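One structure below.
The values are calculated or read from the model by the stated rules, or taken from the named source; none is laboratory data. Bear in mind the structure is a predicted one, so any value in this text is a computation, not a measurement. Only protein heavy atoms, including side chains, enter the accessible area calculation; ligands, DNA and RNA are left aside. Shrake-Rupley method; radii C 1.70, N 1.55, O 1.52, S 1.80 Å.
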Amino acid sequence: KEICVDSDNENYCSVDGVLYSKNMRRLCAYPVSKPGTEFTVPNEVVRLASYAFENNKYLTKIEISENISVVDEYLFYKSQELKEITLCGKLRSIGNYSFADCPLLEKINWNAYQITSISPTVFENSGKKGNGISIVFGGETRTVPENIFYKNSTNIKNVYVGENINCWMQTQKQR
């Protein structure tokens, strides 16, 4: 339910039971059984560690804050209740299987405007128990990243292209 860190630890700290690097720049681990259905990553955090939310049992909604630049692999892998994700701001890269095997995933609010790299497996096997996934490319998003639909397209039910989209990147396999 919570991760506790000795106050004398020079490398890590815990805030509300969540493990961070001492300087709060990296979220290292979110407890699998931590009560609560919504979580917003604090603005101080710039990186989310691999497996940080893996197998989470309660989170249904997550907002990845403005300052996150990298989402490491397997971030929400097998998070059984996750339904909605909001990606914001400076996010540049999303790793392998970051949101894979999230059966109830139904909505992705894509407000990240700097993404240059996304794994083709990012949403693999997600959205299968619900009605599929809706993706909203909104906010300041200007480019739909390459590979987003490569292995994920069978689970995506609709896509909304916002007013600022001016580039739709495709791989040869998507055409």
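Laid out as a table, the results:
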read-out: Across Lys1/Lys157; Lys34/Lys157; Lys57/Lys90; Lys83/Lys157; Lys78/Lys128; Lys90/Lys129, pairs whose alpha-carbon gap is larger than 24 Å; value: Lys1/Lys157; Lys34/Lys157; Lys57/Lys90; Lys90/Lys129
read-out: Per residue accessible area in Å² of the stretch 1-126, where ligands, DNA and RNA are left out and the probe is 1.4 Å; value: 45 Å²
read-out: Surface share of carbon and sulfur [accessible, 1.4 angstrom probe, percent] for the stretch 5-70; value: 42 percent
read-out: Percent RCO, i.e. relative contact order, over the stretch 1-42, from Cα pairs under 8 Å lying at least 6 residues apart; value: 33 percent
read-out: Principal axis dimensions, largest first and in whole angstrom, of the stretch 5-100 by Cα; value: 37, 29, 20
